[in-house]
Amino acid sequence: MPSWCRAAVVLWLWCLLSCCHGGRAEAATGTAEVLVVIACPPLPRRSLDECFALADSLREQQQQMAGVIPGDYVLRFHIMHELFNYWTLLDALPGETRLLNARTEWIIWCQHNTHVASLHGLLQQLHSQDPTEAAYYGHALYDTEATIVHHFAHYKNPKWFPYPLLSAGVVFTGVLLRRLAELVALNAQNGNRHSEFAIDAAHELARFIFDNLTPVTDPELKDDPAAAGATLERKIILKSADYICPTAVPWQTPETGTRAQPVPPCMLHAKPEMFAILPSTLGNRERERERLQGLPVHTTGSQNIYFAIKTCAKFHKERIPIIERTWASDARHRRYYSDVAEVGIPTISTGIPNVQTGHCAKTLAILQLSLKDISAHKDIRWLVLVDDDTLLSVPRLSALLNGYNHTEHIYLGERYGYRLYAPDGFNYHTGGAGIVLSLPLAALVLEHCSCPSANAPDDMILGYCLQALGVVALPAAGLHQARPQDYATELLHLQPPISFHKFWNTQPEHTYRRWLGGSAGNQSVPQATAKDRATLVPMLGERLQLPGLPTGLATAEKHLDL
């Protein structure tokens with residue numbers, strides 16, 4: 001086990017034991033408890049730092065209350081490290097409920113980029129709500145149309161269904177969380193998941209609750225047909241809480257000519273991922289400068305990025321001109337890899353016949369040809385695999401890569417999960433959003449990864465192989481596998497988009513101008529970052545045979561092509 005993993009496990013166990021010990025002592029007092037959980041990814045290091053900074057901030061706010069806590073709640077804080085696919089939240093529940101005791105009334109779920117503006121105000125809000133109800137609260141997001149990102153849920157009318165903005169924080173009652181954990185346990189027979197794929201943890205959580213739980217909480221009424229019938233139409237849906245916001249908002253009361261109710265302040269809100277936005281948007285805040293002072297710097301510009309664009313003959317005239325009219329001018333090193341060499345574009349033949357889905361053999365051929373081409377360019381540090389219907393902001397991608405060390409094994413993209421509830425589950429980066437590999441990692445892939453079949457799903461096989469090699473799939477905010485209309489507007493405004501995928505039913509050039517900033521040039525500003533990690537991948541002596549592939553993964557049968 002890598003040293004970083006051992007350290008994280010030890011820390012996780014220490015937090016678990018300390019929280020459980022504290023919980024037993026507090027339960028004996030008979031005082032209601034509030035548990036604050038910070039879901040924390042182990043990598044990159046800056047996210048881990050933000051988790052501990054949030055925990056420190058909460059403890060400071062607790063001390064400032066000087067023992068006068070609304071509701072006389074006992075508070076506990078726990079950092080839940082993302083060691084076992086906790087990012088899906090549903091799969092985190094069994095571990096989280098072990099932290100609960102009989103007195104736990106409320107659970108405040110935060111992420112590393114959640115900001116708790118006022119713990120005192122938040123506790124006041126909770127004290128005014130009913131802890132005996134099976135309920136959860138957050139900032140509600142809504143779909144504008146049915147989307148494959150959400151498995152076409154409620155396709156007849158998706159606009160009514162709310163799901164939480166996880167980075168803004170979510171509040172659960174202990175009643176709901178305990179019932180929910182029972183359903184997601186591996187031996188539960190009454191739970192229902194609509195897909196083997198994990199794409200959007202927030203929507204999948206909301207849909208699971210809606211489909212599997214009812215508001216009946218009284219054990220004596222649980223098996224009463226009359227009670228069940230009365231609640232059949234009343235499903236549990238997210239309660240929109242005006243004190244949980246997508247971003248910080250003013251605390252002032254609006255100036256009106258009449259006596260208006262004060263605007264509830266934002267007790268919880270989301271923060272953007274700092275290294276996924278252009279440095280110019282950070283401003284000159286003194287606090288940010290202090291935070292970055294003395295940290296290592298990685299400088300990335302478009303001259304350091306090689307774009308390998310996967311295409312085929314039938315799309316040469318349809319898609320490549322769109323790329324050339326949009327982001328191509330910012331991509332100094334770009335190559336179009338196809339099944340046919342066409343000098344006029346030009347495209348480079350991979351020697352692999354085109355297939356409808358899968359493309360595993362083609363992608364490995366592209367990696368091999370790309371690394372050979374890159375060897376003639378000493379300034380290239382990153383290899384980015386994209387589709388011929390992917391739109392990109394190269395300046396924003398450069399800003400993102402400033403936060404990572406290109407000499408390490410870095411695997412970045414939009415993270416999906418496959419069968420994460422099962423022992424053979426794994427994470428991978430979906431291809432249409434763009435997959436970023438550091439050059440050392442690209443070489444490692446060619447050395448150790450192979451295709452079980454030519455049309456096996458390339459992005460999934462890549463993720464499965466890299467997980468076997470010990471490489472973590474690092475999620476990159478702003479990379480999107482689908483179109484702008486497939487995401488809630490708040491998400492797109494919170495985090496400046498870096499990529500979108502698919503041209504159908506869109507105007508690609510309008511999307512590029514509207515959401516990706518148009519052509520912003522190739523200038524790249526140095527961006528400081530915390531040291532991310534030590535090299536994790538063992539240097540194996542032979543190519544992996546990928547034993548134990550999940551059923552169907554060897555071919556394109558199991559593939560989510562958006």
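The values are calculated or read from the model by the stated rules, or taken from the named source; none is laboratory data. Predicted, not measured: the structure shown is a model, and the values here were computed from it. We place every Cβ from the backbone using ideal geometry, glycine too, and count neighbours over all the protein chains shown. All accessible areas refer to the heavy atoms of the entire protein, side chains included, with ligands and DNA or RNA removed. Shrake-Rupley method; radii C 1.70, N 1.55, O 1.52, S 1.80 Å.
Return the residues of the range 302-329 that are at pLDDT below 95 and touching a Pro at 6+ places or on another chain (Cβ under 9 Å); say none if nothing qualifies.
S302
Kindly establish whether A153 is surrounded by 16 or more Cβ atoms within 10 Å (Cβ to Cβ), at pLDDT 90 or above and within 20 Å of Y487 (Cα to Cα).
The answer is no for A153.
Under 7 Å between Cβ atoms, at least 6 apart or on separate chains: pull out the pairs that start in the range 44-61 with a residue that is assigned to a helix (DSSP H, G or I) and end on any residue that is surrounded by 14 or more Cβ atoms within 10 Å (Cβ to Cβ) and among the basic types (K, R).
R45/R533
May I ask you to list the residues in the range 30-82 that are within 26 Å of the chain's Cα centre (by Cα) and acidic (D, E)?
Once the filter is applied, which keeps residues that are within 26 Å of the chain's Cα centre (by Cα) and acidic (D, E), the range 30-82 yields D49, E50, D56, E82.
For the range 173-194, name all the residues that are modelled with pLDDT of 85 or more and touching a Leu at 6+ places or on another chain (Cβ under 8 Å).
Correct list: G174, L176, L177, R178, R179, L180.
Of the residues E133, E145, which is surrounded by fewer than 20 Cβ atoms within 10 Å (Cβ to Cβ) and in contact with a strand residue (DSSP E or B) (Cβ under 7 Å, 6 or more places away or on another chain)?
None of the others qualify; the one that does is E133.
Could you please find all residues in the range 443-489 being crowded, with 21+ Cβ neighbours inside 10 Å, small (G, A, S) and more than 30 Å from P158 (Cβ to Cβ)?
Within the range 443-489, just A456 meets the criteria.
Identify the residue in the range 351-379 that is among the hydroxyl-bearing types (S, T, Y) and either at positive phi or at pLDDT 95 or above (or both) and, among all such residues, is most open to solvent (accessible area, probe 1.4 Å). Talk me through it step by step, then tell me what you get.
Narrowing the range 351-379 to residues among the hydroxyl-bearing types (S, T, Y): 357, 363, 370, 375.
Subsequent filtering for residues that are either at positive phi or at pLDDT 95 or above (or both) retains 363, 370.
Values: T363: 16, S370: 0 Å².
Across the range 351-379, the extreme among qualifying residues is T363.
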